[in-house]
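Down below is the structure, laid out as structure tokens.
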Amino acid sequence: MGPLDLIRHPLIFTGITLPEFIHWYFWDQPKRILTVFFEYLRALIEIFSFIFLVRTLFSPWRQITDPYQKRGFNLSQFSQTLTLNMMSRTIGFLFRSVTLFFGLAAVVILLVCFAAFYLAWLAFPILFWVGLTYVFSAAF
């Protein structure tokens, strides 16, 4: 084999045939792209821990609470305790809601980016041949 064989068929030295390339391009690599997407999705779900955030949505922030008096009733003390506990729960709700929002936004951005990449991967051969015919039709 000489350099002219490489010019005639560039894949001859790699041992890749056209059917193998088509199988890789349209079957193996799209499976790999989806596998990577699900790995990133699992990592995001683990980072944001959506289930934990939803379960503890109305829990007090950092468990900052004041216990209620067990003996007697003091309206001032009860009001202070109620106010502190409600504020702690409100702050916890706000922080967890914002975290849930950013987590869902990150998942949506990941989904859109991977969907665009996946569609671009599958559409590239068609776009390549359309572009090639356009270039050659414009040149001649």
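The values are calculated or read from the model by the stated rules, or taken from the named source; none is laboratory data. Just so it is clear, the structure is predicted and the values come from calculations on it, not from any experiment. Every residue, glycine as well, gets a Cβ built from its backbone with ideal geometry; the counts of neighbours run over all protein chains shown.
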Self-check item: Flag for residue 8 being within 21 Å of the chain's Cα centre (by Cα) and either loosely packed, with under 11 Cβ neighbours inside 10 Å or modelled with pLDDT of 85 or more (or both)
Solution: no
Quiz item: Looking only at residues in segment 39-50 that are closer than 16 Å to residue 101 by Cβ and assigned to a helix (DSSP H, G or I), which one is farthest from the chain's Cα centre (by Cα)?
Solution: 50
Practice problem: State whether one or more residues within segment 57-66 are modelled with pLDDT under 90, among the aliphatic types (A, V, I, L, M) and either under 14 Å from residue 99 (Cβ atoms) or outside any helix (DSSP H, G or I) (or both). | Solution: yes
Quiz item: So which residues in segment 37-49 are among the hydrophobic types (A, V, I, L, M, F, W, C) and exposed (fewer than 12 other Cβ atoms within 10 Å of the Cβ), if there are any at all?
Solution: 38, 43, 47
Exercise. Answer with yes or no whether residue 138 is in a helix (DSSP H, G or I) and either under 14 Å from the mean Cα position of the chain (by Cα) or closer than 30 Å to residue 43 by Cβ (or both).
Key: no
Quiz item: What residue, of 35, 99, 90, is among the β-branched types (Val, Ile, Thr), modelled with pLDDT of 95 or more and under 20 Å from residue 118 (Cα atoms)?
Solution: 35
Quiz item: under 32 Å from the mean Cα position of the chain (by Cα), free of Cβ contacts under 8 Å to residues at least 24 places away in the same chain and under 30 Å from residue 53 (Cα atoms): does that describe residue 101?
Solution: yes
